[in-house]
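So the structure is just underneath, and the comments pick up after that.
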Amino acid sequence: MSEEESPILNDYVFKQVFGQEDDNPILISFLNAMLDGDINIKHVTILNSEIPRLSEMGRTILLDVQAQTDDGTYIDIEVQNGYREDLIDRMFIYGTNMVNKYSEKATRFDSTMCIAIWILNCRVKEFNHFGNDPIIGEFVFRSKLDSSKYLPLKELKIYPIELNKGLDVLNLSPKKQTWINFLMTSDNSSNPVEIKEVHEAYDKVKVTTASKKYKTYMEAVEKAEKLRLQELLSAKEEAIKQGLQKGIKQGKKEGKREGLKQGKKEGKREGLKQGKEEGIKQGKEEGLKQGKEEGLKQGKEEGLKQGKEEGLKQGKEEGMKQGKEEMARILLQSGVDINIISQSSGLTIEEIKSLTK
């Protein structure tokens with residue numbers, strides 16, 4: 001529902017129509033229709049709409065319209081354009097803060113009754129918990145630590161009016177339907193019953209929206225919204241910038257850690273490869289050197305051994321030959337027949353004859 005279709009839901013217009021004067025007949029008619037006989041209101045007093053904070057951590061609450069009836073009941077009327085996640089909690093926090101504020105004035109013989117009427121220009125999915133009845137009834141907000149957030153409290157009644165449900169779903173009385181039709185559209189031709197105060201409310205809306213103050217208010221609202229969007233955009237850009245810087249820093253840190261890990265792994269693999277190649281080369285060189293030295297040593301030893309063996313053999317053979325020749329020479333000098341000498345020495349006749357030369 002657009003603001004043009006329902007200007008009454010504008011905060012400034014709503015306050016001008018309902019919250020500017022005591023005994024306002026428009027407000028009295030609206031409340032009697034909405035409360036549907038719960039109480040019979042004849043007089044209302046407009047109150048300061050500020051609810052002071054309850055603690056240092058809390059904040060001051062500014063209500064849309066707050067009034068007190070002739071029987072002492074305190075009434076808060078709130079307009080909510082658009083759904084928000086904390087809407088249910090917000091409704092009960094506002095209500096209980098109002099009870100806390102005015103219960104201090106009550107005596108021990110009295111009880112303070114507070115009524116909160118919430119005009120909701122949105123669909124509230126959480127209301128399914130309470131059924132389809134447009135009135136939640138007597139409930140109060142409790143700590144989120146408790147198993148049940150909402151418990152009965154006789155001092156507080158909350159009346160949510162969901163405009164987006166449509167008039168057919170709500171099954172309302174004619175007076176209530178006429179007032180809700182006023183909240184939903186600027187066209188008063190389809191009202192089920194004639195209510196003088198509704199016509200007066202339509203006229204007041206027209207006068208208010210045509211005023212210079214309203215135009216100034218809307219310009220201020222538009223300017224504030226633009227400023228809010230600019231601040232939101234600046235905050236978003238700053239968040240992106242900070243996030244990018246943090247991301248780069250974190251990325252460098254993680255990249256360095258991953259690089260060191262991977263570098264160590266690849267370095268170890270490359271080191272093993274190079275070490276193996278250098279080890280093979282060095283081992284081959286040292287093996288050749290050691291083999292050569294050991295080969296020379298072993299060759300020398302084996303050469304000496306073989307030379308010694310061959311020398312002994314050769315010396316023995318030569319010594320035996322020389323002994324045979326010396327014996328043959330003595331036998332020749334003794335006049336022994338050369339054939340007998342050859343047979344006894346093993347020398348040939350030619351070798352024996354050469355001894356005489």
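The values are calculated or read from the model by the stated rules, or taken from the named source; none is laboratory data. Owing to the predicted nature of the structure, the values given are computational and were not obtained by experimental measurement. Counting neighbours? That spans all protein chains shown, and the Cβs are built from the backbone with ideal geometry, glycine included.
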Revision key, fill the gap. Flagged pairs (Cβ under 9 angstrom, 6 or more apart or on separate chains; first in the range 174-185, of a type in the set (Ser, Thr, Tyr); second at pLDDT 85 or above and part of a helix (DSSP H, G or I)) are 178/33; 178/198
Exercise for review: Of all residues in the range 164-219, count the ones that are of a type in the set (A, V, I, L, M), part of a loop (DSSP other than H, G, I, E, B) and at pLDDT 90 or above.
Suggested key: 1
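Do we have residue 44 as within 20 Å of residue 157 (Cα to Cα), at pLDDT 90 or above and in contact with a helix residue (DSSP H, G or I) (Cβ under 6 Å, 6 or more places away or on another chain) here? Can you show your working first?
Values: within 20 Å of residue 157 (Cα to Cα): yes; at pLDDT 90 or above: yes; in contact with a helix residue (DSSP H, G or I) (Cβ under 6 Å, 6 or more places away or on another chain): yes.
So residue 44 passes the test.
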